[in-house]
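The values are calculated or read from the model by the stated rules, or taken from the named source; none is laboratory data. As the structure is a computational prediction, the values presented were derived from the model and not from experiment. We place every Cβ from the backbone using ideal geometry, glycine too, and count neighbours over all the protein chains shown. For accessibility, only protein heavy atoms count, side chains too; no ligands or nucleic acids. Shrake-Rupley method; radii C 1.70, N 1.55, O 1.52, S 1.80 Å.
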Amino acid sequence: MSSDAHGGTVPQGSGLKQPYHLVDPSPWPIIGALGGFLTLLGIILVAHYSSFVVLVIGLVIVLTVMFFWWRDVIRESRTPGLHTPLVRLGLRYGMMFFITSEVMFFVGFFWAYFNYALFPENVAVTGTTVAMWPPEGVTTFDPFHLPFLNTMILLLSGTTITWAHHSLIEGDRKGLLWGLALTFLLGMSFTFFQVIEYSDAPFKFTGGVYPSVFFLATGFHGFHVIVGTLFLIVCWLRARDGQFTPERHFGFEAAAWYWHFVDVVWLFLFVAIYWYGASAVTAS
């Protein structure tokens, strides 16, 4: 190995004159973009025509790309000399920008929600205006039933992922594995209870503005929980195989950042949609 002016190490004989990692050509970005497009198109088709075919195809493509792309990234991280200190810094910046873009993604849902919650007269129903929010006739969930339970589950998962992180830094492999296992089990529990909540929903996705915004905002958050859970399972498998060290574990850090983002978004959803947006009569 040799050092460069940027603090990175370059493999001897590699022909590289800089500390950056020039990735191999990959099909996953374009295929992932196609999967994302089909997923969004599928949501539109479900809303207008109750057709789930395109949505399912899009989700299958997205999940497939996640698997193979993560596989390639893990292989790269384990190849000596590829992830130099400068490359790892770039990965951190990339993850920060990715989470920022995800924040703006949810800002759009909150913007749509408060546009109608604060100005219900903007909702047109059969030629008339709505004077209240939620619109008359919409029965919402009791915020202190399943939604509150899911809030407690996610808050607890935030503490277990932090426990796992501290265990990793201190070289406690057992604590790392237990913390990760508890976190993704809590994530699976959250998804289970949200499925129950959706099955008992007193309104349908196509039932108007409130149900549409509710299912889009909470549904996309639920999708992020599933993605984060898979991310954590991959980290648990890598931790079991000893691929993380106290000095080098960005894959775990990225998963922890993402999971804390999911936690914070849910808190805003709980306060804004479930609690602030509750109707006078709620469903248990």
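Here are a few things to note about the model shown:
- Whether a residue is aromatic (F, W, Y) and not in a helix (DSSP H, G or I) was assessed, and F214 does not pass this test.
- Within the range 24-47, if we keep just the residues that are free of Cβ contacts under 8 Å to residues at least 12 places away in the same chain and closer than 16 Å to S212 by Cβ, the residue that is most open to solvent (accessible area, probe 1.4 Å) turns out to be I44.
- Output for the range 157-171, where each listed residue is under 12 Å from F244 (Cβ atoms) and surrounded by fewer than 16 Cβ atoms within 10 Å (Cβ to Cβ): I169, G171
- Pick from the range 182-240, criterion modelled with pLDDT under 90 and among the aromatic types (F, W, Y), ranking: surrounded by the fewest Cβ atoms within 10 Å (Cβ to Cβ): F205
- Listed by first and then second residue, the pairs with beta-carbon distance under 7 Å, at least 6 apart or on different chains, first residue in the range 72-100 and among the aliphatic types (A, V, I, L, M), second open to solvent by 70 Å² or more (accessible area, probe 1.4 Å), are L86/H6; L86/Y20; V87/Y20; M95/W257; I99/W257.
- Checking the range 137-148 against the condition returns a match, with at least one residue being under 20 Å from W275 (Cβ atoms), free of Cβ contacts under 8 Å to residues at least 24 places away in the same chain and assigned to a loop (DSSP other than H, G, I, E, B).
- Some residue of the range 138-146 being open to solvent by less than 50 Å² (accessible area, probe 1.4 Å) and closer than 25 Å to S77 by Cα: no
- Only a single criterion out of (1) open to solvent by 40 Å² or more (accessible area, probe 1.4 Å); (2) in a loop (DSSP other than H, G, I, E, B); (3) in contact with a helix residue (DSSP H, G or I) (Cβ under 8 Å, 6 or more places away or on another chain); (4) at pLDDT below 90 is not satisfied by W70, namely (2).
- Residues in the range 240-258 that are of a type in the set (F, W, Y) and either without any contact (Cβ under 8 Å) to a residue 12 or more places away in the chain or not in a helix (DSSP H, G or I) (or both): F244 alone.
- Taking the criterion of being in contact with a Pro (Cβ under 9 Å, 6 or more places away or on another chain) and either under 25 Å from I31 (Cβ atoms) or not small (G, A, S) (or both), the residues of the range 80-106 that qualify are P80, L82, T84, P85, L86, V87.
- Taking first residues from the range 259-270 that are within 21 Å of G179 (Cβ to Cβ) and charged (D, E, K, R) and partners that are at pLDDT 95 or above and part of a helix (DSSP H, G or I), the Cβ contacts under 8 Å between residues at least 6 apart in sequence or on separate chains come to D263/L154; D263/L155; D263/S157; D263/G158.
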